[in-house]
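Okay, so here's the structure we're looking at.
The values are calculated or read from the model by the stated rules, or taken from the named source; none is laboratory data. Keep in mind that this is a model prediction, so the values were computed, not measured. Every residue, glycine among them, receives a Cβ derived from its backbone with ideal geometry; neighbour counts consider all protein chains shown.
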Amino acid sequence: MSDRSATNPLHAAADAVLAIEQAMRSADFWHDQIPSPAAMASRTPFCADTLAFSEWLQFVFLARMRTLIEHNEPLPSASAIAPLAEEALEKRPGKDLLLKRLRDFDQLIADQY
């Protein structure tokens, strides 16, 4: 985490989001094709009926966190993404690093409140 992150939760969140993206890319969980608007509009939690968890993580979760950060809006009051990812993502090299980055994000959110 950078020095700027220590004093500003939005900077820390931006660093955490970037670290999650980097871990997703290195573990080959990153998707090149954007899901259809219909798939993204699912009302099922985590779009579980229309998206793979890694797609939800990339196109819904990370996109939403970036929007909050860019617009200087409040971050969520709680986050428990890592346990979901541990169950939903298939085992492959790099998954453990991604899970660590997600746990770091969850902890960052918990430390705010």
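Considering only residues that are touching a Leu at 6+ places or on another chain (Cβ under 9 Å), closer than 15 Å to Ser54 by Cβ and part of a loop (DSSP other than H, G, I, E, B), which ones fall in the stretch 68-97?
Within the stretch 68-97, just Leu89 meets the criteria.
Can you report the number of residues in the stretch 1-25 which are in contact with a helix residue (DSSP H, G or I) (Cβ under 7 Å, 6 or more places away or on another chain), of a type in the set (S, T, N, Q) and either more than 21 Å from Pro76 (Cβ to Cβ) or at pLDDT 95 or above (or both)? Give the derivation first.
Here is the first cut: in the stretch 1-25, the ones in contact with a helix residue (DSSP H, G or I) (Cβ under 7 Å, 6 or more places away or on another chain) are 1-2, 4-5, 9-17, 19-21, 23-24.
If we keep only those that are of a type in the set (S, T, N, Q) as well, we get 2, 5.
From what's left, either more than 21 Å from Pro76 (Cβ to Cβ) or at pLDDT 95 or above (or both): 2.
Final tally of qualifying residues: 1.
Hey, can you tell me all the residues within the stretch 12-67 that are among the polar types (S, T, N, Q) and closer than 24 Å to Lys100 by Cβ? Walk me through it before giving the result.
First pass over the stretch 12-67, keeping only residues among the polar types (S, T, N, Q): 22, 26, 33, 36, 42, 44, 50, 54, 58, 67.
Passing the criteria: Gln22, Ser26, Ser54, Gln58.
Of Leu75, Leu51, which residue is in contact (Cβ under 8 Å) with a residue 60 or more places away in the chain, buried (at least 17 other Cβ atoms within 10 Å of the Cβ) and not β-branched (Val, Ile, Thr)? Before you say what the answer is, go through the steps one by one.
Working: Leu51 fails: in contact (Cβ under 8 Å) with a residue 60 or more places away in the chain.
Exactly one residue qualifies, and that residue is Leu75.
Need the failing condition index for Ala41 against (1) among the hydrophobic types (A, V, I, L, M, F, W, C); (2) over 12 Å from the mean Cα position of the chain (by Cα); (3) surrounded by fewer than 18 Cβ atoms within 10 Å (Cβ to Cβ); (4) modelled with pLDDT of 95 or more, just the number.
With respect to (1) among the hydrophobic types (A, V, I, L, M, F, W, C); (2) over 12 Å from the mean Cα position of the chain (by Cα); (3) surrounded by fewer than 18 Cβ atoms within 10 Å (Cβ to Cβ); (4) modelled with pLDDT of 95 or more, Ala41 is out only on (4).
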